[in-house]
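Visitor: Sharing a structure below in structure tokens format, with a few things to ask.
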Amino acid sequence: MAEYFIGLISGTSMDGIDTALVAFDHTGAHCVASHGHTIPHTVTEGLRKLADPSQAACMDELGSLDVALGEVLAEAVLCLLEDEHLDPSDIVAIGSHGQTVRHRPGGKPPFSLQIGCPHHLAERTGLTVVADFRRRDIAAGGEGAPLVPAFHRAMMRSKTEDRVILNLGGIANITVLPADEGAPLQGFDTGPANALMDAWIRHERGQPWDAQGDWAAGGEVDDPLLASMLGDPYFMQPPPKSTGTEYFNLQWIKKQLQMADRHIPARNVQRTLAELTVASASDAIIRHASSAQRVLVCGGGVHNRAVMEGLGRRLPNATVESTEAVGLSPDWIEAMAFAWLARETLAGRPGNVPSVTGARKAVVLGSIHPGEVV
């Protein structure tokens, strides 16, 4: 008999919540329904300000946005339940990632902060909520990210070929899945995926993202600018490593353009940012997973034609395709992963992978907030 969990995640664009209804049975995890829920503009703008390290934010803003996002997360869950004609009593628990507003694994001390109040989420839905997944791994000496490789291994490892799972969210991360079961699991953030492209098109055209990479596709790669961007020390830093929009952001782009000290058309900047995503991810795969026969891509970047074409060009020895090829929708994998992590937490099983995050040990992740379904 299947158990149902709900996974929630809001990405670096901060304008929507991915909501996945996941059924767990003896055959594995299955996304049986999904719901994309819009975050109100006022909340989005507040979150972006809060996440921007160049802008000062006060404790009142942090507290109010934490509650506001918790309420929006609850609305997303209730909409999904209504759409699927389900009662809250049908759901075991919610796994809520929340919205990352600061990720400082190299801080002194290291920390990572996600908001989206799980107490309000539990109160509004009546469901048990598992949240705050990253801080326990950091307390154990890890980066707190990426956390999805364990789920990737459970769902997409092959016994017959070496694979890489490439997640193109705001930040790109890879999971290296050798066919050899005895090989250690590897995974890390390779650098920016959509975060810089989103930031640049918002700045230049007032659009939230570059739909299908159309604007980028009409530009030309500026090779000197690309070389300068790839010279950022993060790209050669050995794993374990993780990053976020507090590092790769609009200010980072502007700094690169200042160093270039010449006019570069805005559309060419966008095309170069797309190629930066392609080059940094491909270089990481070649260095750490040169034997990969298949690269399975998920996340919003899978819809960017410039990025997908570039990956195929730079990785000629591997088949590059969407995770749809193995029966998993690329748009809902991360939400599914946090439903899975909630299940692992409730079962008392570790959710992190020390060889990925650099933690001293495997630990049970997530704080549990009991619900009261009547």
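The values are calculated or read from the model by the stated rules, or taken from the named source; none is laboratory data. A quick note: this is a predicted structure, and the numbers were derived from the prediction, not measured. Glycine also receives a Cβ, built like all others from the backbone with ideal geometry; neighbour counts cover every protein chain displayed. SASA here: full protein model, heavy atoms, side chains in, ligands and nucleic acids out. Shrake-Rupley method; radii C 1.70, N 1.55, O 1.52, S 1.80 Å.
Visitor: Just a yes or no: is a residue in the stretch 12-32 more than 18 Å from Pro118 (Cβ to Cβ), among the β-branched types (Val, Ile, Thr) and within 14 Å of the chain's Cα centre (by Cα)?
Guide: Looking for residues that are more than 18 Å from Pro118 (Cβ to Cβ), among the β-branched types (Val, Ile, Thr) and within 14 Å of the chain's Cα centre (by Cα), one finds at least one in the stretch 12-32, hence yes.
Visitor: Have a look at Glu324, Glu344 and point out the one that is part of a helix (DSSP H, G or I) and under 30 Å from His369 (Cα atoms).
Guide: On the way: Glu324 fails: under 30 Å from His369 (Cα atoms).
So the residue among Glu324, Glu344 that is part of a helix (DSSP H, G or I) and under 30 Å from His369 (Cα atoms) is Glu344.
Visitor: Can you find, within the stretch 274-306, the residue that is farthest from Asp214 (Cα to Cα) among those that are open to solvent by 10 Å² or more (accessible area, probe 1.4 Å) and of a type in the set (Val, Ile, Thr)?
Guide: The selected residue is Ile286.
Visitor: Could you tell me how many of the residues in the stretch 45-69 are farther than 27 Å from Gly206 by Cα and either open to solvent by 40 Å² or more (accessible area, probe 1.4 Å) or touching a helix residue (DSSP H, G or I) at 6+ places or on another chain (Cβ under 9 Å) (or both)? First the steps, then the outcome.
Guide: Quick first cut of the stretch 45-69, residues farther than 27 Å from Gly206 by Cα only: 59-60, 63, 67.
Checking the rest, the ones that are also either open to solvent by 40 Å² or more (accessible area, probe 1.4 Å) or touching a helix residue (DSSP H, G or I) at 6+ places or on another chain (Cβ under 9 Å) (or both) come to 59-60, 67.
So the count comes out to 3.
Visitor: For the stretch 30-80, which residues satisfy the criterion of being of a type in the set (Gly, Ala, Ser), within 24 Å of Gln251 (Cα to Cα) and either assigned to a helix (DSSP H, G or I) or free of Cβ contacts under 8 Å to residues at least 60 places away in the same chain (or both)? Lay out the reasoning, then the answer.
Guide: Let us first name the residues in the stretch 30-80 that are of a type in the set (Gly, Ala, Ser), namely 33-34, 36, 46, 51, 54, 56-57, 63-64, 68, 70, 74, 76.
Next, from what is left, pick out any that are within 24 Å of Gln251 (Cα to Cα): 46, 51, 54, 56-57.
Those that are of a type in the set (Gly, Ala, Ser), within 24 Å of Gln251 (Cα to Cα) and either assigned to a helix (DSSP H, G or I) or free of Cβ contacts under 8 Å to residues at least 60 places away in the same chain (or both): Gly46, Ala51, Ala56, Ala57.
Visitor: Answer yes or no: is there a residue in the stretch 312-321 that is surrounded by 22 or more Cβ atoms within 10 Å (Cβ to Cβ), assigned to a loop (DSSP other than H, G, I, E, B) and not hydroxyl-bearing (Ser, Thr, Tyr).
Guide: Taking the stretch 312-321 first, the residues surrounded by 22 or more Cβ atoms within 10 Å (Cβ to Cβ) are 318, 320.
Still in the list and also assigned to a loop (DSSP other than H, G, I, E, B): 318.
Cutting the leftovers down to not hydroxyl-bearing (Ser, Thr, Tyr) gives us 318.
Yes, that holds for at least one residue.
Visitor: Do we find that Gly7 is buried (at least 16 other Cβ atoms within 10 Å of the Cβ), among the small types (Gly, Ala, Ser) and assigned to a strand (DSSP E or B) in this structure?
Guide: yes
Visitor: Hey, another quick one. For the stretch 197-227, which positions are part of a helix (DSSP H, G or I), open to solvent by 50 Å² or more (accessible area, probe 1.4 Å) and of a type in the set (D, E, K, R)?
Guide: First, pick out the residues of the stretch 197-227 that are part of a helix (DSSP H, G or I): 197-205, 211-217, 223-227.
From what is left, the residues that are open to solvent by 50 Å² or more (accessible area, probe 1.4 Å) are 202-205, 211-212, 214, 217, 223-224, 227.
Of everything in the stretch 197-227, those that are part of a helix (DSSP H, G or I), open to solvent by 50 Å² or more (accessible area, probe 1.4 Å) and of a type in the set (D, E, K, R) turn out to be Arg202, Glu204, Arg205, Asp214, Asp223.
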